[in-house]
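So the structure is just underneath, and the comments pick up after that.
The values are calculated or read from the model by the stated rules, or taken from the named source; none is laboratory data. Quick caveat, the model's predicted, so the values are computed rather than measured. Neighbour counts run over all protein chains shown; Cβ positions are idealised from the backbone, glycine included. When the accessible area is computed, the model is the full protein with side chains, heavy atoms only, and any ligands, DNA or RNA have been set aside. Shrake-Rupley method; radii C 1.70, N 1.55, O 1.52, S 1.80 Å.
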Amino acid sequence: FAIAGALYLLYRKRKATGEVFGLYLVLYGIFRFLIEFLRATPKELLGLFSNNQVISIIMVAVGTLIVIYRRKKLGGSR
């Protein structure tokens, strides 16, 4: 619910189309990465991270790139 509430508030202040989706990927990726430490899944990447944590890192990176790209290229158009 916290992510949905934050995205709703950010939706009103968005600067470009697609920005809220990028922010969703970032926020959910961070949340999922942290939650995976509590789960009893095997750590498969160098014994440090689970597969889900690696996917979460990729989500955060892609979400960040989307936000940056949308703000730079399509700044004012909603």
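Pick from the range 1-33 the residues that are under 20 Å from Ile68 (Cβ atoms), of a type outside the set (Val, Ile, Thr) and not in a helix (DSSP H, G or I): which of them is modelled with the highest pLDDT?
Gly18
Could you pull out the residue among Phe33, Phe49 that is within 20 Å of Leu7 (Cβ to Cβ), open to solvent by less than 70 Å² (accessible area, probe 1.4 Å) and out of contact with any strand residue (DSSP E or B) (no Cβ under 8 Å at 6 or more places or on another chain)?
Numbers: Phe49 fails: within 20 Å of Leu7 (Cβ to Cβ).
Going through Phe33, Phe49 in turn, just one is within 20 Å of Leu7 (Cβ to Cβ), open to solvent by less than 70 Å² (accessible area, probe 1.4 Å) and out of contact with any strand residue (DSSP E or B) (no Cβ under 8 Å at 6 or more places or on another chain): Phe33.
Residue check: is Leu38 among the hydrophobic types (A, V, I, L, M, F, W, C) and either assigned to a helix (DSSP H, G or I) or in contact with a strand residue (DSSP E or B) (Cβ under 6 Å, 6 or more places away or on another chain) (or both)? Spell out how you get there, then give the answer.
Details: among the hydrophobic types (A, V, I, L, M, F, W, C): yes; either assigned to a helix (DSSP H, G or I) or in contact with a strand residue (DSSP E or B) (Cβ under 6 Å, 6 or more places away or on another chain) (or both): no.
Against the criterion (among the hydrophobic types (A, V, I, L, M, F, W, C) and either assigned to a helix (DSSP H, G or I) or in contact with a strand residue (DSSP E or B) (Cβ under 6 Å, 6 or more places away or on another chain) (or both)), Leu38 does not qualify.
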